[in-house]
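Structure record follows, encoded as structure tokens.
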Amino acid sequence: MLDVARIRQDFPLLRKADRGELGIYFDNAATMFKPQAVIDAVMRYYTEGSVNIHRGEYDLSYSVSEAYDAARVKVAHFINADSREIIFTSGATGSMNLVAMAYAESVLKAGDVILTLESEHASSILPLMRAAKKTGARIEYIPLAEGGRFELDAYRQALHDRVKLVAVAHVSNVLGYVLPIAKMTQLAHAVGAVMAVDGAQSVPHLATDVKAWDIDFLSFSSHKMLGPTGVGILYGKKAILDRMDPVLLGGGSNARFDRFGQLMLKETPTKFEPGTPAIEGVLGLSAAIDYLQGIGMDNVFSAEHALKERLVNGLRSMEHIVLYNADAPTGIVTFNVKGIPAQDVAFYLNANGIMVRSGNHCAKVLVDVIHTPDTVRASLAFYNTPAEVDRLIDVLRSVTLEACIAVTIA
Ligand code: PMP
């Protein structure tokens, strides 16, 4: 059992909430609050470092460069990769665009197939759609079962020898289901396809092992795992990254070039990282990983699962609530209140001091599968408490259309 009361002391915004000065934060899938250790790491860079990396011939630059390189090693260990397989980007969105532009657009041919799911996030599917358009490749969708559920048999049947890339989110940001990534990768490889995984909602919440799963790409964001915004990670198998050309060119990533445009790039991953990176963000991410490892990813997962079970059990008996993913194991609970638009429910919850998200959650194709354009999403984190969950249950028990309208027009 986690000592959540202790953990909450580490987060300035949770201390504020515990003082009654801030509501309950249940929008953790959008981004997570930051522990003081992360804030300190960012501050430390600006107060004690604040120089560029890998450029200066002086001690301060050496020490900041060392810390930056150590952060890359830490990220690699966190997902069981080699540090040369870790590219820092601007976010999961940046990582997935890199896969689409630097890999898919150069490898795919007319008639090839990208296999994906209707529940994918815009940041995954839109770059792939463009890659398909540019290359003449086709997007095909693995049929989802009732309620957006993934079935391995449907995936098996959807695979064929024209499938060259399988791109799926390990955990859906709308439904919170966890895909059997290792098995899916094995099946993808059996038809000669490469496996690109969107880990934006999985890496922060469950233990990740890219080697054991044998996946080819993994994209995720620092800010969804307690770290700063502006930093993302693309893991790629070294052999694949070595064959890829970067999308961006510039200082730091080239070994030499001449007036005729002859260019020699540096090795992977440096060739993908031209320009000055978000140094403070990467150092903050390193502190975030220390923090998560201090708790233990298995503890993170089980704490979030227990909170989610409590919420689902509380809502299940309410006639006026429609639950879309009652049996998903992660902390994402998606629902609607019958007869009340999702956004009005979110306004009402906000008026009652509870922060959630409403809408289609950037998964615009999924609306055809779950038969509703908008839902309310409460996404729970290990630092939330049973009392916070109970408060959400209580507020939802008495929600009415009139009460929501009153809040909306107030
Ligand atoms: N994929 C999924 C499943 C997500 O939930 C998100 C963030 N909502 C993204 C990708 C994009 O992440 P970011 O905005 O940090 O680039």
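Mean projected area of the Cα convex hull of region 307-348, taken over all directions, amounts to 3.0 nm².
The listed peptides 382-389, 400-407, ordered by packing as a protection proxy, come out as 382-389, 400-407 (highest mean of other Cβ atoms within 10 Å first). Taking 1.567 mPa s as the viscosity and 4 °C as the temperature, the Stokes-Einstein diffusion coefficient of region 1-147 based on its alpha-carbon Kirkwood radius rounds to 66 µm²/s. Students often forget the sequence filter, so: which lysines lie under 18 Å Cα-Cα from residue 74 once same-chain residues fewer than 8 apart are removed? Counting by Cα, and skipping residues close in sequence, residue 74 has these lysines nearby: 211, 224, 237, 238. Just to be sure I understand the curve: with the Debye formula and one point per C-alpha of region 283-410, what is log10 I(q)/I(0) at q = 0.12, 0.19, 0.23 Å⁻¹? Per q value, in the given order, log10 I(q)/I(0) is -0.50, -1.07, -1.36. For region 336-410, the convex hull spanned by the alpha carbon atoms encloses 101 Å³ per residue.
Rg/Rh for region 164-212 stands at 0.97; both radii use Cα atoms, and Rh follows the Kirkwood definition. Binning all Cα-Cα separations of region 195-354 at 10 Å, short to long from zero, yields these whole-percent fractions: 9, 24, 28, 19, 12, 5, 1, 0. Taking every Cα-Cα distance in the chain and sorting them into 10 Å bins starting at zero, the pair-distance distribution P(r) comes out as 5, 21, 30, 25, 14, 4, 1, 0 percent. Measuring only protein heavy atoms, the 1.4 Å probe finds residue 139 accessible over about 40 Å². Pairs of Cα atoms nearer than 8 Å and 6+ residues apart set the relative contact order; for region 41-146 it is 19 percent. Derived scalar couplings between HN and Hα for region 133-146 equal 4, 5, 9, x, 6, 10, 9, 10, 10, 6, x, 8, 7, 2 Hz in order, rounded to whole Hz, by the Karplus curve 6.51 cos²θ - 1.76 cosθ + 1.60 (θ = phi - 60°), x for Gly and Pro. From largest to smallest, the equivalent ellipsoid semi-axes obtained for region 43-106 from the alpha-carbon gyration tensor read 27, 14, 11 Å.
Rounded to the nearest 0.05, the FRET efficiency derived from the C-beta distance between residue 50 and residue 313 at R0 = 60 Å is 0.75. Think of each Lys and Arg Cβ as +1 and each Asp and Glu Cβ as -1; about the Cα centre, that makes the dipole of the chain roughly 600 debye.
Per the Kirkwood formula applied to alpha carbons, region 22-79 shows a radius of gyration over Rh ratio, Rg over Rh, of 1.12. For the chain, relative contact order (Cα pairs under 8 Å, six or more residues apart, normalised by length) works out to 21 percent. Taking 7 Å steps out from each Cα toward its Cβ at residue 212 and residue 110 produces label points 4.5 nm apart.
Accessible surface comparison of 183, 308, 364, probe 1.4 Å, protein chains only, largest first: the order is 364, 183, 308. Its relative contact order, with pairs defined as Cα atoms under 8 Å and 6+ residues apart, puts region 323-410 at 35 percent.
Here residue 109 is the anchor, and the lysines within straight C-alpha reach of less than 20 Å, apart from those fewer than 8 places off in the same chain, are 133, 134, 164.
When the convex hull of its Cα atoms is viewed from all sides, region 61-161 shows a mean projected area of 8.7 nm². Looking at region 241-278, the chymotrypsin sites (Phe, Trp or Tyr not before Pro) that sit in a DSSP loop and have at most 11 other Cβ atoms within 10 Å of their own Cβ are 260.
For a paramagnetic label modelled on residue 295 (point 7 Å from Cα along Cα→Cβ), amide N atoms under 18 Å away belong, within region 304-337, to 304-311, 329-333.
Taking every DSSP beta bridge that has both ends in the chain, the antiparallel portion is near 60%. Does region 266-351 come out rounded, prolate or oblate by the C-alpha gyration tensor, with a ≥ b ≥ c the root eigenvalues, rounded set by a/c under 1.5 and, if not, prolate when a/b is larger than b/c and oblate if not? Since a/c reaches 1.5 and a/b is larger than b/c, the shape of region 266-351 is classed as prolate. Sorting the segments 321-327, 163-169, 142-148, 228-234 by their residues' average number of neighbouring beta-carbon atoms within 10 angstrom, most packed first, yields 163-169, 228-234, 321-327, 142-148.
The values are calculated or read from the model by the stated rules, or taken from the named source; none is laboratory data. Keep in mind that what you see is a predicted model, and the values were worked out from it rather than measured. Here the Cβ is made from the backbone with ideal geometry for all residues, glycine too, and neighbour counts use every protein chain on show. Each accessible area value is taken on the protein alone, full model and side chains, heavy atoms only, with ligands, DNA and RNA left out. Shrake-Rupley method; radii C 1.70, N 1.55, O 1.52, S 1.80 Å.
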